[in-house]
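Engineer: Sharing a structure with you now.
The values are calculated or read from the model by the stated rules, or taken from the named source; none is laboratory data. Predicted model, so just to flag it, every value in this text is computed and none were measured. When we count neighbours, we look across all protein chains shown, and the Cβ atoms used for this are built from the backbone with ideal geometry, even at glycine.
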Amino acid sequence: MTICCTYAIESTTAFKCSTRRDVCERAVHRQEDAAAGSVWDIAFSKDPQQKYLYLCDGENEKVYIMDRESLQISTSFGDGGRQPGQFYGVHSIAVDSKGNIYTTETYQGHRVQKFVYKGTEPVTKMDQGVVWPKKST
């Protein structure tokens, strides 16, 4: 079992992670050109190594996917709004045993969204935007 706490210090978000075998503490400094944000919740990928962190940013209405070891952002998805794949106060995040991601929304969002795990592939852009079905041509 892994326990991870997050807290913000000005433009730094610090992660203090603890497992039965080890304890680690890391800090992620916000880039100068990055928007202000806030980590509202965090979850780990379900692979045995828990390679990825999933962070809900309720301020910017996004979910960030980060490499757990380096804490580098791999990509993000979502945007503000009330349509599927958009967030209105994305508040909580959880991952089931199949790798599906569930998010909840606060304020007037009042909903749960499920993002179905379909495997991994190389990241082609930093921000995936709204995960919305593609129009067929």
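Engineer: Taking region 61-81 on its own, how many of its residues are closer than 15 Å to ILE93 by Cα and not small (Gly, Ala, Ser)?
Structural biologist: Within region 61-81, the subset closer than 15 Å to ILE93 by Cα is 61-66, 76-78.
Then keep just the ones that are not small (Gly, Ala, Ser); that gives 61-66, 77.
Matching residues across region 61-81 total 7.
Engineer: Answer yes or no as to whether GLU121 is surrounded by 13 or more Cβ atoms within 10 Å (Cβ to Cβ), over 15 Å from ALA43 (Cα atoms) and not β-branched (Val, Ile, Thr). Please lay out each step first, then the result.
Structural biologist: Numbers: surrounded by 13 or more Cβ atoms within 10 Å (Cβ to Cβ): no; over 15 Å from ALA43 (Cα atoms): yes; not β-branched (Val, Ile, Thr): yes.
Answer is no for this residue.
Engineer: Identify the single condition in (1) within 20 Å of VAL130 (Cα to Cα); (2) in a strand (DSSP E or B); (3) among the acidic types (Asp, Glu); (4) at pLDDT below 90 that GLU25 does not satisfy, given that it satisfies every other one.
Structural biologist: With (1) within 20 Å of VAL130 (Cα to Cα); (2) in a strand (DSSP E or B); (3) among the acidic types (Asp, Glu); (4) at pLDDT below 90 applied to GLU25, the lone miss is (1).
Engineer: May I pose another question? Give region 77-131 a look and list any residue that's closer than 13 Å to LYS62 by Cβ and not in a strand (DSSP E or B), or say none.
Structural biologist: GLY78, ASP79, GLY81, GLY85, GLN86, TYR88, GLY89, MET126, GLN128, GLY129, VAL130, VAL131
Engineer: Keeping to region 68-90, report how many residues are modelled with pLDDT of 90 or more and crowded, with 16+ Cβ neighbours inside 10 Å.
Structural biologist: 11
Engineer: Right, here's the next one. Pairs please, first residue from region 75-102 and more than 21 Å from PRO48 (Cβ to Cβ), second anywhere and of a type in the set (Lys, Arg) and surrounded by fewer than 17 Cβ atoms within 10 Å (Cβ to Cβ), Cβ atoms under 8 Å, 6+ apart in sequence or on different chains.
Structural biologist: Between residues of region 75-102 that are more than 21 Å from PRO48 (Cβ to Cβ) and residues that are of a type in the set (Lys, Arg) and surrounded by fewer than 17 Cβ atoms within 10 Å (Cβ to Cβ), the close pairs are THR75/LYS125; TYR88/ARG82.
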